[in-house]
1. How large is the accessible surface of V267 in square angstrom, using a 1.4 angstrom probe and rounding to the nearest 10?
2. For region 385-397, take each phi angle, set θ = phi - 60°, evaluate the Karplus expression 6.51 cos²θ - 1.76 cosθ + 1.60, and give the result in whole Hz per residue in order, putting x for glycine and proline.
3. Can you pull the one-decimal nm distance between simple spin-label points at Q532 and D24, each 7 Å off the Cα toward Cβ?
4. With label points built 7 Å along Cα→Cβ from the Cα atoms of E510 and N111, find their separation and express it in nm.
5. Taking only Cα atoms, what is the 0 to 90° angle, nearest 10, from helix 11-20's long axis to the longest principal axis of the chain?
6. Please give the contour-minus-distance gain from D421 to H292: 0.36 nm per residue of separation, less the Cα-Cα distance, rounded to one decimal in nm.
7. Taking GluC sites (Glu not before Pro) as exposed when DSSP calls them loop (any state but H, G, I, E, B) and at most 15 other Cβ atoms lie within 10 Å, what is the longest stretch of the chain free of them, the sites themselves excluded?
8. Give me the dipole magnitude in Debye, nearest 20, for the chain about the Cα centre, with unit charges on the beta carbon: positive for Lys and Arg, negative for Asp and Glu.
Amino acid sequence: MENQISPKTEVAELELEAVIGFNDVILWDYKKRELIARLSLHKGKIEDVAFSPNDLYLVSLGGPDDGSVVVWSIAKREAICGSPAAGLNVGNATTVIFSGCRDEMFVTAGNGTIRVWELDLPNRKIWPTECQTGQMKRIVLCITMASDDCFFYLGTTSGDILKMNPRTKLLADSGPVKEKFSLGVSAIKCLKMVGLLVGSGAGLLIFCKSPSYKPIKKLQLQGGITSITLRGEGHQFFVGTEESHIYRVNFTDFKETLIATCHFEAVQDIVFPFGTAELFATCAQKDIRVWHTLSNRELLRITVPNMTCHGIDFMRDGKSIISAWNDGKIRAFAPETGRLMYVINNAHRIGVTAIATTSDCKRVISGGGEGEVRVWQIGCQTQKLEEALKEHKSSVSCIRVKKNNEECVTASTDGTCIIWDLVHLRRNQMILANTLFQCVCYHPEEFQIITSGTDRKIAYWEVFDGSVIRELEGSLSGSINGMDITVEGVYFVTGGNDHLVKVWDYNEGEVTHVGVGHSGNITRIRISPGNQYIISVSADGAILRWKYPFAS
């Protein structure tokens with residue numbers, strides 16, 4: 001999805017929304033994509049919400065710090081009543097569902113608690129009745145209600161399903177008796193044609209029926225199943241998993257189609273190939289992914305199990321993706337097939353933390369966790385260490401190479417940035433600051449560099465003598481982790497722990513636009529070739545594409 005970056009005048013209002021959103025129920029108009037109301041009553045996080053069948057009421061369930069259930073009137077946008085969600089001698093309620101045909105009944109469940117609630121609107125009260133499960137003690141993860149309210153079903157951490165009668169509040173049956181669902185029943189949905197769709201924490205999706213709950217149809221998906229949503233009568237449905245996959249499944253043939261995907265761990269780096277904005281690559285934990293920019297489609301996934309990729313770069317000729325890994329290896333992959341082209345073993349002792357390539361495709365410069373900067377000669381069949389430059393005392397966080405390949409700058413968390421002579425392989429200049437440097441950029445004219453890091457300051461430095469020219473307050477809270485500058489050098493962008501994308505005028509040193517959209521710390525940010533888009537990536541696995549705010 002493409003996001004608009006707002007002009008700076010709107011910042012204060014938008015920042016406030018981002019800050020206070022964590023303990024509110026926010027009501028949206030789906031068609032207009034507009035915020036209708038913000039309902040505030042809960043303290044701390046909200047576990048779950050559910051709409052009544054005729055959209056008259058909304059029920060919200062507070063987290064462990066709050067422990068209350070609140071019924072809201074949608075028309076009046078106000079709370080009708082509230083109550084503690086669970087009894088004193090049981091755990092927290094974590095999930096809620098409304099009746100299938102009555103607006104006055106809903107069910108909550110959680111750790112050792114299953115309650116059926118009746119709404120008494122004239123007296124503005126809700127009355128709970130505890131359901132009886134006999135000797136069976138379970139932690140409930142999910143609930144589904146039959147459309148006629150005759151039964152509701154609960155999925156548990158033990159991997160079995162409980163079937164309850166909402167009228168008698170008694171257990172009707174439970175199962176499967178022998179082969180329980182591995183890693184628990186994490187999602188469950190009642191179908192109109194009398195049956196259940198069940199998703200497990202191990203990624204197994206099955207269709208079954210009470211009372212045996214034996215699989216009639218089954219499907220293995222990637223990642224633990226987190227949600228199942230029906231389309232129409234259930235002839236087709238959508239399944240979401242922990243590994244950020246959304247599948248569409250047709251009920252008749254029970255075959256899956258992957259319709260959307262993204263990273264599910266912190267994204268460490270993002271890079272465009274030289275001269276094109278059509279594609280870009282990102283890396284997170286064990287995989288590198290290549291994306292089509294306009295359609296947001298994943299074109300290629302390269303996976304190295306049990307490893308973490310810290311940085312990536314495209315060779316200028318587009319024939320390889322060079323990647324930095326925490327096992328101390330540099331790996332090169334073909335960008336079209338994902339084939340492993342070569343590996344440089346033992347490139348760094350404490351993992352490779354940053355990487356860059358020269359425009360003649362003959363060298364790779366890598367930085368390690370121990371602070372060494374190493375220059376590698378890349379031939380047709382060989383990869384040779386040219387020099388190890390040992391000046392940094394801590395991990396290298398960012399490397400940028402000058403256009404003529406005769407110089408590069410490395411930023412480190414030891415509070416230094418070093419400008420290296422790549423011809424004579426020695427230090428030209430050192431920059432010192434009381435910060436952990438996270439990012440550095442050459443101005444396109446290459447007589448200045450800009451840096452930033454944990455002190456939240458954006459500093460301009462003279463390349464010739466390493467003197468500071470100016471300092472700007474880059475952020476009000478948290479480190480700045482990513483930075484990129486346009487080819488013309490007129491504007492640059494930053495992103496960091498304040499979750500904001502900021503566009504700056506280089507000469508004026510002022511913010512021109514701010515983008516609000518990330519819910520996690522921004523780790524890296526890039527302007528696309530041709531200045532059409534800004535792509536930002538964050539620690540919660542998100543990739544956001546923004547419209548570049550100036551005409552290119």
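The values are calculated or read from the model by the stated rules, or taken from the named source; none is laboratory data. Everything numeric here is computed off the predicted structure, so don't read it as measured data. Cβ coordinates were reconstructed from backbone atoms using ideal geometry, including for glycine residues, and neighbour counts include every protein chain displayed. To get the accessible areas, we keep the full protein, side chains included, count just its heavy atoms, and leave off ligands, DNA and RNA. Shrake-Rupley method; radii C 1.70, N 1.55, O 1.52, S 1.80 Å.
1. 0
2. Residue by residue, region 385-397 yields 6, 8, 7, 10, 9, 10, 10, 5, 9, 9, 4, 7, 9 Hz.
3. 3.6
4. Those two pseudo-labels are separated by 5.4 nm.
5. 50
6. Extra length available between D421 and H292 comes to 42.8 nm.
7. Details: sites that count: E179, E233, E242, E265, E278, E336, E406, E445, E446, E488, E508.
The longest uninterrupted stretch comes out as 1-178.
8. Around 1940 debye, computed over the chain.
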